[in-house]
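Nothing in this text is a laboratory measurement; each read-out follows from the coordinates by a stated rule. Here the structure is a predicted model, which means the values were calculated and not measured. Cβ: placed from backbone, ideal geometry, glycine included. Neighbour counts: every protein chain shown.
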Amino acid sequence: MVGVVDTAVMGRMPDASYIGAVAVGATIFSSIYWLFGFLRMGTTGLVAQASGAGDTRELSRIAARGLGVALAISAAVLLLKWPIETMMFALFEASDQVETFARSYFSIRIWGAPALMIYMVCLGMLFGTQRMQVTLWLSVLLNVTNVVLDLLFVLGFGWGVAGVAAATLISEWLAACIALLVVVRMIIAAGWQRSWLTGLWQGREVVRLFQVSGNLIIRSFFVQLPFFVFTLIGARFGDVVLAANALLMQFFFVMAFGLDGFAHTAETLSGYAYGARDRSGLRNAVRYSLIWAVIFSALITAVYALAGPWLINQLTTLPDVRSTAIALLPWVAVSPLIAVTAFHFDGVFIGTTRTAELRNSMFAAASLFGLVLWLTLDTLGNQGLWLAMISFLGVRGLLLIAQYPRLERRTDADV
């Protein structure tokens, strides 16, 4: 919802460059932050399995390691702020106005790096211990704070793109601080002892952490690469196309994070079953969460197909952006049904920490994205960009489905 509100507020500005700037800035941060998505995903899988095995001591040690890695990474990001900014903006061929606004956005949001890294680790802890209601309220807090501050800073104070960045920054820090407090209290309630931290960075579990993390970093790179290229190439088609693509991407992200609810369910329950060596429990977790995910994806497709033009008109008042987005709407409307298995089985393989399979599947899917883009971009233009994205999502799901039976067979033997 943060992205939707940001886009809707920018859609009230007098020019498409405002939407484009936030799209470019947000894409840069997504590329940076989700490269380190293992802080959330790896933590969830490891915690879920430790929880299934009844290992309270290891739960606390996973949290400590995750937070230590998060702080180290965020410090590195802040120290490398200037080269990251220089490199990223050198890649985009956006208009001068879009780049100016996007640099302003970047210079503010970069200071949220520690908050977001900490927040990801805390979410991983809460997902892994099945405290989903807490994560719901944390998300509500983050989103409501962002909405209020967006309206205040942009429409009230007239800060423009800088107001959007400041609202997101404050929301992230607030959510991170409260999430950290919740996790610390959860660990203390579990009977935390100082001796549990002895040898924290030694032993088999540390090796496993970095094996899981390494595969997830590579996996995240190949997941984010198509989205980064999508915005990168979209910027070359002009501010209107860039803005229309960015607007429709908010539809996509609402769908993606909605389906992620079922993926996270599969993630934590399959991880728990995997840790307990319960093959039937794993199969039931995967089956029932997938059934509901498919039903939900069909509902989203129906909403986008029927109400898509009206929703687009609510997000922007710019006629050119509206008409361009409506012409591209069929791609977004069909995406839930194509993407559902990709998101769902992502969760299953993350929860069971079978990250090598994820890494290899994402590499193959990203390669297909590049091939389709190379074959269609010159003839189809921006439509070819959307075709490549849909192809990427479809093959992700198929590759993971093909590897799932082997995962079941390993349940009794591994962990």
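What residue among PHE89, PHE392, PHE349 has the largest mean-square fluctuation in a Gaussian network model of the chain, using Cα springs under 10 Å?
PHE89
For the chain, modelled as a GNM with alpha-carbon contacts under 10 angstrom, which of GLU58, GLU267, GLU172 fluctuates the most?
Ranking GLU58, GLU267, GLU172 by mean-square fluctuation puts GLU58 first.
Rounded to the nearest whole Å³, what is the per residue volume of the convex hull around the Cα atoms of region 298-347?
Per residue, the Cα convex hull of region 298-347 comes to 81 Å³.
Would you calculate a helix-derived [θ] at 222 nm for the chain, using -39,500 (n - 2.57) for each DSSP H run of n ≥ 4 and dividing by the full residue count, to the nearest 500?
Dividing the helical sum by the residues of the chain leaves -29500 deg cm²/dmol.
Please build a GNM for the chain, connecting alpha carbons under 10 Å apart, and tell me which residue among ALA179, ALA64, ALA327 fluctuates the most.
ALA327
Compute the distance in nm between two label points, each set 7 Å from the Cα along the Cα-to-Cβ direction, one at ILE291 and one at GLN211.
3.5 nm
Could you sort the peptides 17-26, 115-124, 362-371 by per-residue average Cβ neighbour count (10 Å cutoff), highest mean leading?
17-26, 115-124, 362-371
Using only alpha-carbon positions, what ratio does the radius of gyration of region 332-415 give when scaled by 2.2 N^0.38 Å?
Here the answer is 1.25, to two decimals.
For region 76-161, which GluC sites (Glu not before Pro) are both in a DSSP coil and crowded by at most 16 other Cβ atoms within 10 Å?
Those satisfying the criteria are GLU93.
Send over the per residue convex hull volume for region 113-165, Cα only, as a whole number of Å³.
Given the Cα convex hull of region 113-165, per-residue volume reads 60 Å³.
Output the relative contact order of region 2-410, whole-number percent, from Cα pairs under 8 angstrom with separation of 6+ residues.
Normalised by residue count, the contact order of region 2-410 is 25 percent.
At 7 Å along the Cα-to-beta-carbon direction for both ASN284 and LEU79, put a label point, then send me their distance in nm to one decimal.
5.0 nm
Output the DSSP H helices from the chain with an along-axis C-alpha extent of no less than 30 Å and a mean Kyte-Doolittle hydropathy no less than -1.0.
The qualifying helices are 56-79, 161-189, 204-234, 239-275, 279-315, 319-351, 355-380, 382-410.
Please report, in whole Å, how far the alpha carbons of region 45-167 spread along each principal axis, starting with the longest.
56, 33, 20
Take the Cα coordinates of the chain, assign each an equal point scatterer, and use the Debye formula without solvent to give log10 I(q)/I(0) at q = 0.07, 0.08, 0.12, 0.14 Å⁻¹.
With one equal scatterer per Cα and no solvent, log10 I(q)/I(0) is -0.32, -0.42, -0.98, -1.34.
Shape of region 262-404 from its Cα gyration tensor (a ≥ b ≥ c, root eigenvalues): rounded if a/c is under 1.5, otherwise prolate when a/b > b/c, or oblate?
In terms of gyration-tensor shape, oblate.
In square nanometres, what is the average projected area of the Cα convex hull of region 229-330?
7.7 nm²
On a C-alpha basis, how far is the centre of region 86-115 from the centre of region 57-81 in Å? Whole number, if you could?
Comparing the Cα centres of region 86-115 and region 57-81, I get a distance of 25 Å.
Averaged across orientations, what area in nm² does the convex hull of the alpha carbons in region 243-297 project?
It is 3.9 nm².
Could you rank the peptides 182-190, 224-232, 286-294 by their average count of other C-beta atoms within 10 Å per residue, with the highest value first?
Per-residue mean Cβ counts within 10 Å order the peptides as 224-232, 286-294, 182-190.
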